[in-house]
Ligand SMILES: Nc1ncnc2c1ncn2[C@@H]1O[C@H](COP(=O)(O)OS(=O)(=O)O)[C@@H](OP(=O)(O)O)[C@H]1O
Ligand SMILES: Nc1ncnc2c1ncn2[C@@H]1O[C@H](COP(=O)(O)OP(=O)(O)O)[C@@H](O)[C@H]1O
């Protein structure tokens, strides 16, 4: 099996709640308090298997099981509902494996260009994709967020959660965001089962991105009219272990089609294009 192949256990149904490790990495709390809230319930942390009541003679008799509800973040008394149709059935229908292709890089590095070219190539070969573009999502879902570090983190967290849903739907989700902080990207990675998060690093020098400047934003940032612009006066933390790196070869940037082919080959070689 190639090093990036999807191990078969990943095709099993996923547990509904984040693991302690995932929770630690995402900063989210694992559902440590499990309470039986319906009908008064028992003390916090009491498992369903312990829910018995004392009969008149002092012996224990089982009572009707109550669903266990959880507290996740600020959401109290919530219950996970399983649907009989799962990810593997959807994948069988689509003939592919749901995954997230996370494209990160400076503004102007070609993230959207790659996302569109890849989506087109996959679509033409019969694969269902959906592109989550940072710029576009800031027109709606993330319109309340600025470019401060904490808002960028929330931006990435939300898109990571949405991308996870697309992958669960069996879709090849292509997320294209600057996502400048390693910690935020890694938090998205742990939302998904191993191998279902494929990071693509657009490893192009700032000078190339700045020379392209299709929206004129670098110019505005250099003249101080935009503050906190990534690569100018805001950080970009390069990935260290990306599955795929797009870089210049002999001083030339690969064409959009070549970049898309690079990712396509990876998907083919690692079994994502079959259920
Ligand atoms: N301060 C600052 N820094 C970086 N980028 C800026 C900024 N202000 C506006 N823009 C425009 O917003 C696009 C990036 O949005 P993202 O959601 O991908 O950014 S982030 O991941 O939250 O950092 C980015 O789009 P791309 O050029 O496609 O990367 C810019 O057009
Ligand atoms: N591989 C490439 N070769 C040449 N030009 C490219 C390439 N990729 C992107 N570009 C051009 O660079 C500019 C920025 O690309 P874009 O995809 O919008 O970057 P980003 O989404 O990272 O901001 C656009 O004008 C685009 O046409």
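The values are calculated or read from the model by the stated rules, or taken from the named source; none is laboratory data. What you see is a predicted model; the values in this text were computed from it and never measured. Ideal geometry is used to build each Cβ from the backbone, glycine not excepted, and the neighbour counts take in all protein chains shown.
Let me confirm something: among 107, 88, which residue is more than 16 Å from ligand 1 (Cβ to nearest atom) and surrounded by 14 or more Cβ atoms within 10 Å (Cβ to Cβ)?
Details: 107 fails: more than 16 Å from ligand 1 (Cβ to nearest atom).
Residue meeting the stated conditions: 88.
With respect to the conditions (1) within 28 Å of residue 167 (Cα to Cα); (2) within 11 Å of ligand 1 (Cβ to nearest atom); (3) free of Cβ contacts under 8 Å to residues at least 60 places away in the same chain, residue 221 falls short on a single one, namely (1).
Look at the range 122-140: where a residue is free of Cβ contacts under 8 Å to residues at least 24 places away in the same chain and at negative phi and a partner is assigned to a strand (DSSP E or B) and away from ligand 2 (no atom under 13 Å from the Cβ), sitting 6+ places away or on another chain with Cβ atoms under 8 Å, you get 123/129. Checking the structure you have, find out if any residue of the range 158-166 is more than 8 Å from ligand 1 (Cβ to nearest atom), assigned by TED's automatic domain parsing to the domain that holds residue 213, touching a residue at least 40 places away in the same chain (Cβ under 8 Å) and touching a strand residue (DSSP E or B) at 6+ places or on another chain (Cβ under 6 Å). Yes, that holds for at least one residue.
Among the residues of the range 241-275, the ones that are away from ligand 1 (no atom under 16 Å from the Cβ) and assigned to a helix (DSSP H, G or I) come to 12 in all.
Test each condition in (1) touching a helix residue (DSSP H, G or I) at 6+ places or on another chain (Cβ under 8 Å); (2) farther than 20 Å from residue 192 by Cα; (3) within 15 Å of ligand 2 (Cβ to nearest atom) for residue 122 and report the one that comes out false. Among (1) touching a helix residue (DSSP H, G or I) at 6+ places or on another chain (Cβ under 8 Å); (2) farther than 20 Å from residue 192 by Cα; (3) within 15 Å of ligand 2 (Cβ to nearest atom), residue 122 violates only (3). In the set (1) under 14 Å from residue 113 (Cα atoms); (2) under 27 Å from the mean Cα position of the chain (by Cα), residue 247 fails one condition alone, (1).
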